[in-house]
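Some notes on the structure that comes next.
The values are calculated or read from the model by the stated rules, or taken from the named source; none is laboratory data. Please read these numbers as outputs of a predicted model, since none were measured by experiment. Reconstructed Cβ throughout: ideal geometry from the backbone, glycine too, with neighbour counts over all protein chains shown. For accessibility, only protein heavy atoms count, side chains too; no ligands or nucleic acids. Shrake-Rupley method; radii C 1.70, N 1.55, O 1.52, S 1.80 Å.
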Amino acid sequence: MHNQFKAVSLSYKSAPVEVREMVAFDETLCKRLLEMIEDYSDISEALIISTCNRTEVYYSSSADHYDTIVKLIGVVKGLDHISKYRKYFSNLNEHGRAVEHLFNVSIGLEAQVVGDLQIINQVKTSYQWAADQNVVGPFLHRLLHTIFFTNKRVVQETAFRDGAASVSYATVELIDELTMAHERPNILVLGLGEIGEDVARNLEHIADKEVFICNRSIEKAQALSEELGYAVVPFEDYERAILDADVVISSLRVDNPLITKGTFSNDKILSHKYLFDLSIPRSIAQDIEEINGLLLYNVDSIQAKATQALENRLAAIPDVKAIITEAIEEFGNWSKEMEVSPVINKLKNALEEIRQNEIARYLKKANDSETELLDKVTKNMMQKIIKLPVLQLKAACQRGEADSLIEVLNDLFNLEEQSEKIKSKE
């Protein structure tokens, strides 16, 4: 098993967004794909990670199932010509490379925004879906829990997750800081282009708030509203919504500022109102802070905050990689020992069979205390006899020399035949 882990990967590094959208999986489709993978291959364990940036299938099998998995992705997604998109899929069919890739993806080294805060939770969700389908065995369980523990170490021991490294997340982080005194801040997102939509999604990280979204295309606003549960403001009512909001995030594409001092000419600002201009060209007039109570943050100041966080994360990458390397080495030792555990169990069972047979020959005339003593003594003897072979097997695993020792033990104790005899008695 420890040399059978593989992956099929499609990500933002190889595929444009329109291709990534075509092969993205929600929970229902993900579970359907897992079912089909189990039905149409000898894959014993599998995991699917599907986000806006990647769709990846990890699996355990002695065979390379790249072609099968790509075809099944096409079947589940209803893509008749999936072969046209093969060039976007990478085949990670070498065990060590697949393991390292899953670590790097989960920790955030492979994210578009290095150190992405969301990916580890997406991996945990993928793990739960795979467990629901009963396609997670000892190998994947151990691997994923090792990754989750490694992530905790990265958070605790490095600066890799410190600060917001994208403009949209930095904006939300700053809003959260500025509105701490508000019981339930009213937040207006004006414009739902790429960055506006990203901000709207990231606002979910603020626990108690009321969000309104406003866009020229009301259909897009309604679709996002259904997904996130935010209220929709018709675009013709944007001025009223601005006046009602505690926070305004504008990412509109306009030639001239849409929000000016005139927007507030008939209204008295009773408390601080925070304005975020994420537009290029700018959509909020730069002199707007001349009105008492209005505070303006533009894309440059927010970008500076995000850039500093990104620089800190990039500087922490060597420490993160060192932690991952250590975790992979420990996991590798465990997975190698998995290979010899069946032999160890066979050896224990063979010795236990001998012990039971020999005890049975002498217990007919023994009283209870003698039976108890004999059982205890022989158990202790067996444990001491087996201790050295087990230690030698585990040491041989670390050296990559387990196969020869397994062969010797099988010959010495005739383990295969003994195992069959024990099974026939059960």
(request) Name, by its number, the condition in (1) at pLDDT 90 or above; (2) more than 15 Å from the chain's Cα centre (by Cα) that does not hold for residue 130. (result) (2)
(message) Take the residues in region 274-287 that are modelled with pLDDT under 90 and not polar (S, T, N, Q); name whichever of them is nearest to residue 209 (Cα to Cα).
(response) 278
(request) From the list 46, 15, 7, pick out the single residue that is of a type in the set (A, V, I, L, M) and at pLDDT below 95. (result) 15
(request) Spot the failing condition for residue 138; the list is (1) surrounded by fewer than 17 Cβ atoms within 10 Å (Cβ to Cβ); (2) at pLDDT below 95; (3) under 29 Å from residue 195 (Cβ atoms); (4) not small (Gly, Ala, Ser), and only one is missed. (result) (3)
(request) Show the residue pairs that are 6+ apart or on different chains and have beta-carbon atoms under 6 Å apart, the first residue being within region 86-105 and within 22 Å of residue 21 (Cβ to Cβ) and of a type in the set (Ser, Thr, Tyr), the second being open to solvent by less than 30 Å² (accessible area, probe 1.4 Å) and modelled with pLDDT under 95. (result) 88/15; 88/19
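Filter region 28-40 for residues that are farther than 23 Å from residue 110 by Cβ and either open to solvent by less than 30 Å² (accessible area, probe 1.4 Å) or free of Cβ contacts under 8 Å to residues at least 24 places away in the same chain (or both) and give the result. So that I can check it myself, show each step before the final result.
Within region 28-40, the subset farther than 23 Å from residue 110 by Cβ is 28, 31-32, 35-36, 38-40.
Those that are farther than 23 Å from residue 110 by Cβ and either open to solvent by less than 30 Å² (accessible area, probe 1.4 Å) or free of Cβ contacts under 8 Å to residues at least 24 places away in the same chain (or both): 28, 39.
Can you give me the number of residues within region 273-287 that are surrounded by 14 or more Cβ atoms within 10 Å (Cβ to Cβ) and either in contact with a Leu (Cβ under 6 Å, 6 or more places away or on another chain) or outside any loop (DSSP other than H, G, I, E, B) (or both)? Let's see the steps before the verdict.
Of region 273-287, the ones surrounded by 14 or more Cβ atoms within 10 Å (Cβ to Cβ) are 273-279, 282-285.
Filter again for either in contact with a Leu (Cβ under 6 Å, 6 or more places away or on another chain) or outside any loop (DSSP other than H, G, I, E, B) (or both), leaving 273-277, 279, 283-284.
Here the count works out to 8.
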(message) Being open to solvent by 10 Å² or more (accessible area, probe 1.4 Å) and either within 28 Å of residue 318 (Cα to Cα) or of a type in the set (A, V, I, L, M, F, W, C) (or both) is the requirement here; does residue 173 meet it?
(response) yes
(request) Select, from 102, 47, the only residue that is more than 17 Å from residue 133 (Cβ to Cβ) and surrounded by 23 or more Cβ atoms within 10 Å (Cβ to Cβ). (result) 102
(request) May I ask you to verify whether residue 38 is of a type outside the set (Gly, Ala, Ser) and either at positive phi or in contact with a Pro (Cβ under 9 Å, 6 or more places away or on another chain) (or both)? (result) no
(message) Looking at residue 74 and the list (1) under 21 Å from residue 22 (Cα atoms); (2) open to solvent by less than 20 Å² (accessible area, probe 1.4 Å); (3) not in a helix (DSSP H, G or I), which single condition is not satisfied?
(response) (3)
(message) Can you tell me which residue is least open to solvent (accessible area, probe 1.4 Å) among those in region 235-272 that are touching a Gly at 6+ places or on another chain (Cβ under 6 Å) and more than 14 Å from residue 196 (Cβ to Cβ)?
(response) 269
(message) Of all residues being in a loop (DSSP other than H, G, I, E, B) and farther than 23 Å from residue 336 by Cα in region 1-16, which is most open to solvent (accessible area, probe 1.4 Å)? Just the residue, please.
(response) 13
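Count, please, the residues in region 105-115 that happen to be at negative phi, open to solvent by less than 40 Å² (accessible area, probe 1.4 Å) and not in a helix (DSSP H, G or I). Working first, answer last.
Initially, region 105-115 is screened for residues at negative phi, giving 105-107, 109-114.
From the residues that got through so far, the ones that are open to solvent by less than 40 Å² (accessible area, probe 1.4 Å) too are 105-107, 109-111, 114.
Of the ones still in play, those that are also not in a helix (DSSP H, G or I) are 109-111, 114.
Count: 4.
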(message) Looking at region 35-64 only, could you name the residues that are under 28 Å from residue 113 (Cβ atoms) and either in contact with a strand residue (DSSP E or B) (Cβ under 7 Å, 6 or more places away or on another chain) or in a strand (DSSP E or B) (or both)?
(response) 46, 47, 48, 49, 50, 53, 54, 55, 56, 57, 58, 59
(request) Scan region 202-224 for residues that are at pLDDT 90 or above, open to solvent by 40 Å² or more (accessible area, probe 1.4 Å) and not small (Gly, Ala, Ser) and jot them down. (result) 210, 212, 216, 218, 219, 220, 222
(request) Identify all residues within region 17-27 that are open to solvent by 50 Å² or more (accessible area, probe 1.4 Å) and either more than 12 Å from residue 50 (Cα to Cα) or among the aromatic types (Phe, Trp, Tyr) (or both); write none if there are none. (result) 17, 18
(message) So, in region 77-99, exactly how many residues are open to solvent by 90 Å² or more (accessible area, probe 1.4 Å) and outside any helix (DSSP H, G or I)?
(response) 3
(message) Tally up the residues in region 288-315 that are open to solvent by 70 Å² or more (accessible area, probe 1.4 Å) and not in a helix (DSSP H, G or I), please.
(response) 1
(request) Identify, by number, the condition in (1) under 31 Å from the mean Cα position of the chain (by Cα); (2) surrounded by 20 or more Cβ atoms within 10 Å (Cβ to Cβ) that residue 227 doesn't meet. (result) (2)
(request) Please go through region 187-201 and pick out each residue that is surrounded by fewer than 17 Cβ atoms within 10 Å (Cβ to Cβ) and either over 29 Å from the mean Cα position of the chain (by Cα) or under 30 Å from residue 322 (Cβ atoms) (or both). (result) none
